[in-house]
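Colleague: Dumping the structure here so I can ask a few things about it.
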Amino acid sequence: AKPYVAPGTAADCTAWTDSVSSVPAGTYGRVIAVGDHLEFEKRPGEPVRFLGVNMGAGCIIPQTRDDARAFAKMIRRLGWNSIRLHHHEQPLIGKDGFSLDPDKMRRFDAFIAACIDEGIYFHTDLFVTRKVPGRELHEFKESILFDENSFSNYLAWAKMFLNHRNIYTKRTWAEEPALAFVSLINEG
């Protein structure tokens, strides 16, 4: 896999985010809100800016680890230092309709690890469009607030996803300092 943004060309925008992305994401600890700006917990007083892209579905599970690395390099060369993982649940689910598919998660882990190596941070939602048996999408989103079965399903998925240990970084999503932003429900 060869990225289509060559280093040093006019399209190479890595300089836009070099102050953040020159080291692996999470090196300076978690992203924290301080007043009206964001900064890293280990770089107090230095505001940080994120420029990102929305990615979802199949593009977050490249076929090979080399593809994942090439894709992550291209993302950084485009000047982005963050990715919103969107509509990610359904592509990661196994045949049972709920649990994480091991092969897809291995490929997802490779993509996440490659992005972290390139200094890229993440934002994700704990519920976007995962299909829940017996519920329509918006009905499920609304029912999480008052229906115990829906709430339990939501919590079980969130726990499973956030406690998934990346085979390359050796950290769970809950432990990952590169996971900068989490939304509880997309467009809830």
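The values are calculated or read from the model by the stated rules, or taken from the named source; none is laboratory data. Predicted, not measured: the structure shown is a model, and the values here were computed from it. Cβ placement follows ideal geometry from the backbone for every residue including glycine, while neighbour counts extend to all protein chains displayed. Ligands, DNA and RNA are excluded from the accessible area calculation, which covers all protein heavy atoms including side chains. Shrake-Rupley method; radii C 1.70, N 1.55, O 1.52, S 1.80 Å.
Colleague: Nearest 5 percent is fine: what portion of the DSSP beta bridges confined to the stretch 1-111 is antiparallel?
Modeller: Working: 7 of 12 bridges.
Counting DSSP beta bridges with both partners in the stretch 1-111, the antiparallel share is about 60 percent.
Colleague: Helix-only mean residue ellipticity at 222 nm, the chain, DSSP H runs n ≥ 4 weighted -39,500 (n - 2.57), per residue, nearest 500. What is it? Provide the component values of the computation, followed by the final result.
Modeller: Numbers: 6 runs with 59 residues, N = 188.
Taking each H run of at least 4 residues, the total per residue is -9000 deg cm²/dmol.
Colleague: Still on this structure, please answer the following. Running a GNM on the chain with Cα contacts under 10 Å, which residue among 30, 43, 165 ends up with the highest mean-square fluctuation?
Modeller: Its mean-square fluctuation being the largest, the pick is 43.
Colleague: Next question, about the same structure. What distance in nm lies between label points placed 7 Å from Cα along the C-beta direction at residue 186 and residue 155?
Modeller: 2.4 nm
Colleague: Continuing with this model, one more query. State, as an integer percentage, the relative contact order of the chain based on alpha-carbon contacts under 8 Å between residues 6 or more apart. All intermediate terms of the calculation are to be shown ahead of the outcome.
Modeller: Details: 314 pairs, mean separation 46.0, N = 188.
It rounds to 24 percent for the chain.
Colleague: So between residue 106 and residue 34, what do we pick up on full extension, going 0.36 nm a residue minus the alpha carbon distance? Write down the numbers at each step before the final one.
Modeller: Numbers: separation 72, 0.36 × 72 = 25.92 nm, distance 3.52 nm.
Between residue 106 and residue 34, full extension yields 22.4 nm more.
Colleague: Divide the volume of the convex hull of the Cα atoms of the stretch 14-72 by its number of residues and quote the answer in cubic angstrom per residue. Each step should come with its number before you reach the end.
Modeller: Values: hull volume 6.6 nm³, N = 59.
Spelled out: Cα convex hull of the stretch 14-72, divided by residues, is 112 Å³.
Colleague: Find how many whole Å separate the alpha carbon centroid of the stretch 165-188 from the alpha carbon centroid of the stretch 60-125.
Modeller: Centre-to-centre distance over Cα atoms comes out at 11 Å.
Colleague: Rolling a 1.4 angstrom probe over the protein heavy atoms, how many square angstrom per residue are accessible across the stretch 52-134?
Modeller: 37 Å²
Colleague: Over all pairs of distinct alpha carbons, what does the Kirkwood formula give as the hydrodynamic radius of the stretch 96-188, in Å?
Modeller: On the way: mean 1/r = 0.0700 Å⁻¹.
Taking every pair of different Cα atoms in the stretch 96-188, averaging 1/r and inverting gives 14.3 Å.
Colleague: Taking only the C-alpha atoms, wrap a convex hull around the chain and report its volume per residue in Å³ as a whole number. Could you put the intermediate results ahead of the total?
Modeller: On the way: hull volume 23.3 nm³, N = 188.
Cα-based convex hull of the chain, divided per residue, equals 124 Å³.
Colleague: Return the carbon/sulfur percentage of the accessible area of the chain, one whole number, probe 1.4 Å, all protein chains in place.
Modeller: Carbon plus sulfur share of accessible area: 55 percent.
Colleague: At 0.36 nm per residue, and after removing the present C-alpha to C-alpha distance, how many nm does the segment from residue 66 to residue 54 gain when stretched out fully? Intermediate results must be reported in sequence, preceding the final value.
Modeller: Values: separation 12, 0.36 × 12 = 4.32 nm, distance 2.15 nm.
So the extension gain works out to 2.2 nm.
Colleague: Taking 8 Å as the Cα distance limit and 6 or more residues as the minimum spacing, I'd like the relative contact order of the stretch 50-139 as a percentage. Before the final figure, lay out the partial values.
Modeller: On the way: 125 pairs, mean separation 32.9, N = 90.
Relative contact order of the stretch 50-139: 37 percent.
Colleague: Taking the radius of gyration and the Kirkwood hydrodynamic radius from Cα positions alone, what is the Rg/Rh ratio for the stretch 41-136, to two decimal places?
Modeller: Numbers: Rg = 15.0 Å, Rh = 14.4 Å.
Rg/Rh for the stretch 41-136 comes to 1.04.
Colleague: Springs between alpha-carbon pairs under 10 angstrom, Gaussian network model over the chain: which of 40, 111, 146 fluctuates most?
Modeller: 146
Colleague: Further question: FRET efficiency for residue 162 and residue 16, Cβ-Cβ distance as r, R0 = 25 Å, nearest 0.05? Intermediate values should be presented prior to the final figure.
Modeller: Working: r = 30 Å, r/R0 = 1.21.
The pair residue 162/residue 16 has a calculated efficiency of 0.25.
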